[in-house]
1. Among the candidates G68, G149, single out the residue that is in a loop (DSSP other than H, G, I, E, B) and modelled with pLDDT of 95 or more.
2. Among (1) on the phi < 0 side of the Ramachandran plot; (2) in contact (Cβ under 8 Å) with a residue 12 or more places away in the chain; (3) of a type outside the set (K, R), where does G68 come up short?
3. Here is a list of conditions, (1) crowded, with 21+ Cβ neighbours inside 10 Å; (2) in the same structural domain as R34 (by TED's automatic domain parsing), and I112 meets all of them except one; can you say which number that is?
4. Restrict the check to segment 53-61 and report whether at least one residue is within 22 Å of Q3 (Cα to Cα), outside the structural domain of F114 (by TED's automatic domain parsing) and part of a strand (DSSP E or B).
5. Of all residues in segment 94-107, which are out of contact with any helix residue (DSSP H, G or I) (no Cβ under 8 Å at 6 or more places or on another chain) and either over 13 Å from I81 (Cα atoms) or hydrophobic (A, V, I, L, M, F, W, C) (or both)?
6. Can you go through S85, S9 and tell me which one is in contact with a His (Cβ under 9 Å, 6 or more places away or on another chain) and at pLDDT 95 or above?
7. Looking only at segment 21-57, filter to residues that are out of contact with any Asp or Glu (no Cβ under 9 Å at 6 or more places or on another chain) and acidic (D, E); which one of those is surrounded by the fewest Cβ atoms within 10 Å (Cβ to Cβ)?
8. So, restricting to strands (runs of 3 or more DSSP E) that lie completely within segment 1-52, which ones have at least 1 residues that are under 19 Å from P77 (Cβ atoms) and not assigned by TED's automatic domain parsing to the domain that holds A105?
Amino acid sequence: MAQPIRASSITRALAVREARVVDTVTLDHEDRYRRRAVLTCDGGLEVLLDLDKPARIEDGDALKLEDGRLVRVVAAPEELIEVTSDNPARLMRAAWHLGNRHTPAEIGAEAIYFASDHVLVEMLRGLGLSARPVTRPFRPERGAYEHAGHPHAGPDHGGHEHAGHDHGGHQHGDAHHDHGDRETGQQPSRHRTPDLDSSGRSS
């Protein structure tokens with residue numbers, strides 16, 4: 001069996017060159033926050049993701065393989081709850097309650113999305129909000145401190161490369177994504193195997 005091809009950096013969506021994309025990998029929101037994992041691409045390619053630190057991978061980003069080719073990341077559709085209201089104050093109240101419970105949520109101008117949870121659904125409906133199940137990609141808000149201390153305003157920095165982020169030029173450390181390795185204690189999915197040691201064996 002062929003060894004997985006190592007990918008040690010992320011090319012952000014704006015810097016992806018279509019001619020270099022050789023496969024795609026479809027991941028849910030938890031699998032898009034990784035440091036080290038073996039991923040099975042949609043076309044069958046096996047990739048060893050091996051970043052210096054855990055990093056958030058966005059829909060449309062690509063994993064840069066050691067031979068220079070790219071694997072585009074696609075956000076998987078997930079079972080979510082869509083919260084809406086014709087009263088902006090109620091929607092703000094819903095965001096407060098979800099944040100108070102540390103619930104990962106995607107917050108838009110007219111709707112809030114979070115992973116299906118019947119207890120939260122009943123609570124929000126009790127507050128006068130509409131809450132209905134939907135299936136769509138999930139892009140939860142980043143933590144408030146995820147970019148703390150970083151000299152740039154966001155993850156797309158044009159033409160340079162961080163350790164764990166590829167933008168086509170130089171490299172420097174990227175400490176703002178380090179919240180611990182979320183592989184620990186998680187069950188493998190069809191796209192991921194447990195942590196591996198440097199020899200490629202399960203740890």
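1. From the options G68, G149, the qualifying one is G68.
2. (1)
3. (2)
4. Looking for residues that are within 22 Å of Q3 (Cα to Cα), outside the structural domain of F114 (by TED's automatic domain parsing) and part of a strand (DSSP E or B), one finds none in segment 53-61, hence no.
5. Passing the criteria: A95, W96, G99, N100, H102.
6. So the residue among S85, S9 that is in contact with a His (Cβ under 9 Å, 6 or more places away or on another chain) and at pLDDT 95 or above is S9.
7. E46
8. 21-27, 33-40
The values are calculated or read from the model by the stated rules, or taken from the named source; none is laboratory data. Predicted model only: the values in this text are computed from it and were never measured. Positions of Cβ are generated from backbone atoms using ideal geometry, with glycine treated the same way; all protein chains shown enter the neighbour counts.
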